[in-house]
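Please read the structure below before turning to the comments.
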2 protein chains.
Amino acid sequence: MASDQLSATFAALADPTRRAILSRLTSGEASVTELAEPFDMSLPAVTKHLKVLQRAGLISQSREAQWRPCKLRARPMREAAEWMEPYRRHWEQRFDRLDDFLREITRKDGAATSRKKK
Amino acid sequence: MASDQLSATFAALADPTRRAILSRLTSGEASVTELAEPFDMSLPAVTKHLKVLQRAGLISQSREAQWRPCKLRARPMREAAEWMEPYRRHWEQRFDRLDDFLREITRKDGAATSRKKK
């Protein structure tokens, strides 16, 4: 179910270590040992995080190569970003309104200054 | 801390009821009773979800009006979407590669067809 997939994606992203692992994988495949390296964490703890990411479909682990590299899978993240799109319009509108407001007070301020000069 | 804010945002989004509440709020402010209406859920259960959204900064509740309307706050969602941007490049590249591949096989297929015709 799409809704459950979204929940799984967002739950998987709700952890800084998991986000750091995904970030590392944007620059290419990596083994579990390589992924564990930057963290002050046991290998089993890292493996647990990888399993969460795998269950959410955000990464996959090759069964073919002996070093079993992990790699990013694009789809769940794309769907999560698509879910966010309507909100993008919301915050962009907010910035547009702020922009209009700033333009308006700058205009008024300019008018006041030129009135003072007269 | 930015990282904790992101975790709080994603954790808050990892629930279909909370996402539905946010979706409702894109069309304007609403009272708790209005937000609870579409759900087969007790008011305290809905209030609990609203508290998670509020703690993550995704919504705010006015203290002034007597009906205490809830409204969307844009910033945390914007930051979450910004965090996703590098991954957008990743999946768009994947689509580009798929596109190149499809173009390539179409081209080869076209060449084979015209050879057969000769």
Per GNM of chain B with C-alpha springs under 10 angstrom, the most fluctuating residue out of B:Asp15, B:Asp99, B:Asp40 is B:Asp99
Which number comes out as Rg/Rh for the protein assembly as shown once both Rg and the Kirkwood Rh are worked out on C-alpha atoms?
1.13
3J(HN,Hα) from dihedral phi, region B:22-27, Karplus parametrisation 6.51/-1.76/1.60, rounded to Hz, x for glycine, proline
4, 4, 4, 6, 5, 8
Compute the FRET efficiency between A:Leu102 and B:Lys51 as 1/(1 + (r/R0)^6), taking r as their Cβ-Cβ distance and R0 = 30 Å, and round to the nearest 0.05.
0.35
Residues of A:73-83, mean number of Cβ from any other protein chain within 10 Å of their own Cβ, rounded to a whole number?
4
From most to least accessible, 1.4 Å probe, no ligand or DNA/RNA atoms counted, B:Thr26, B:Thr33 line up as B:Thr33, B:Thr26
Of A:Lys108, A:Lys48, A:Lys71, which has the largest mean-square fluctuation in a 10 Å C-alpha GNM of chain A?
A:Lys108
Could you name the aspartates and glutamates whose alpha carbon sits less than 13 Å from that of B:Lys108, not counting residues in the same chain fewer than 8 places away?
B:Asp100
Solvent-accessible area buried by B and A, counting both chains, probe 1.4 angstrom, square angstrom
2700
Counting only heavy atoms of the protein chains, get the accessible area per residue of region B:15-98 (1.4 Å probe) and round it to a whole Å² value.
60
Radius ratio Rg over Rh of region A:1-49, counting only Cα atoms, Kirkwood formula for Rh
1.03
Dividing the alpha-carbon radius of gyration of chain B by 2.2 N^0.38 Å (N being the number of residues), what value is obtained?
1.73
Calculate one ³J(HN,Hα) per residue across region B:34-48 by plugging θ = phi - 60° into the Karplus curve 6.51 cos²θ - 1.76 cosθ + 1.60, and present them in order as whole Hz with x for glycine and proline.
4, 5, 6, 2, x, 9, 7, 8, 5, 4, x, 5, 5, 4, 4
At 1.4 Å probe size, with the rest of the protein present, what percent of the exposed accessible area of the protein assembly as shown is carbon and sulfur atoms?
51
Once the Cα gyration tensor of region A:27-83 is found, what semi-axes does its equivalent ellipsoid get, as square roots of 5 times the eigenvalues, in whole Å, sorted largest first?
21, 14, 10
Ranked order, A:Ser23, A:Ser31 - accessible area, probe 1.4 Å, largest first:
A:Ser23, A:Ser31
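The values are calculated or read from the model by the stated rules, or taken from the named source; none is laboratory data. Note that the structure is predicted; figures quoted are calculated from it, not measured. Cβ sites come from the backbone with ideal geometry, for glycine too, and all protein chains shown count toward neighbours. To get the accessible areas, we keep the full protein, side chains included, count just its heavy atoms, and leave off ligands, DNA and RNA. Shrake-Rupley method; radii C 1.70, N 1.55, O 1.52, S 1.80 Å.
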